[in-house]
Amino acid sequence: MNSPRTPETDSSPYLRAASAGIRHHTHAYAAKNTDTPPADRVHLDALHTHLTTLHQLLDHLTEATRPPHPAAGHRLATAHTRLWQAATEIHSAFHLLPTNTTAETDVASACHPERLPEGPPVLTICQRHLTASHIIRRKTTPTDLRTHTTACAR
């Protein structure tokens, strides 16, 4: 299924390249079917990088869109929150996956906000997540962060 194309002059070439890269990676995984390996920390770290970067972009777009178009700005703010929730789940999954080291290092690499983790990639994913946390906490309420449902209310 092909997506409708945005005219070249209206979209960023870097966003198109990033989307193409993710699409290629998705197709490569889908083509393997039964031989697809489970997620590992490297993949989740890269995915978390994409999500938090997109989160920052969406934050800027929301701020620019909200004053002239409040309804669209509200929808972008909602997407901003949902993207944050996805990044939070990726961050949690990252820490639940085993490392290639001893059990002592696994305990040391857990996410502890009161102290810094041992080093990359744990240090970078936690720092990145903490930065995104500051943005979301500054702009949302606890009610906004509740799980979104699309079920019929009847």
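Assorted remarks:
- Per-region count, segment 60-78, residues without any contact (Cβ under 8 Å) to a residue 24 or more places away in the chain and closer than 12 Å to T140 by Cβ: 1
Rundown of residues vs (1) crowded, with 17+ Cβ neighbours inside 10 Å; (2) modelled with pLDDT under 90; (3) among the acidic types (D, E), yes/no style:
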| position | (1), (2), (3) |
| --- | --- |
| A71 | no, no, no |
| R75 | no, no, no |
| H80 | yes, no, no |
| I90 | yes, no, no |
| N100 | no, yes, no |
| A110 | no, yes, no |
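- Of residues in segment 25-64 being within 17 Å of the chain's Cα centre (by Cα), of a type in the set (V, I, T) and open to solvent by 60 Å² or more (accessible area, probe 1.4 Å), the one nearest to F94 (Cα to Cα): V42
Rundown of residues vs (1) closer than 30 Å to T99 by Cβ; (2) at pLDDT below 65; (3) in a helix (DSSP H, G or I); (4) of a type in the set (G, A, S), yes/no style:
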| site | (1), (2), (3), (4) |
| --- | --- |
| T6 | no, yes, no, no |
| A17 | no, no, yes, yes |
| A20 | no, no, yes, yes |
| H24 | yes, no, yes, no |
| A28 | yes, no, yes, yes |
| A31 | yes, no, yes, yes |
| T34 | yes, no, yes, no |
| P37 | yes, no, no, no |
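The values are calculated or read from the model by the stated rules, or taken from the named source; none is laboratory data. What you are looking at is a predicted structure, and each value in this text was computed from that prediction instead of being measured. Glycine also receives a Cβ, built like all others from the backbone with ideal geometry; neighbour counts cover every protein chain displayed. The protein model used for the area step is the full one, side chains on, heavy atoms only, and it has no ligands, DNA or RNA in it. Shrake-Rupley method; radii C 1.70, N 1.55, O 1.52, S 1.80 Å.
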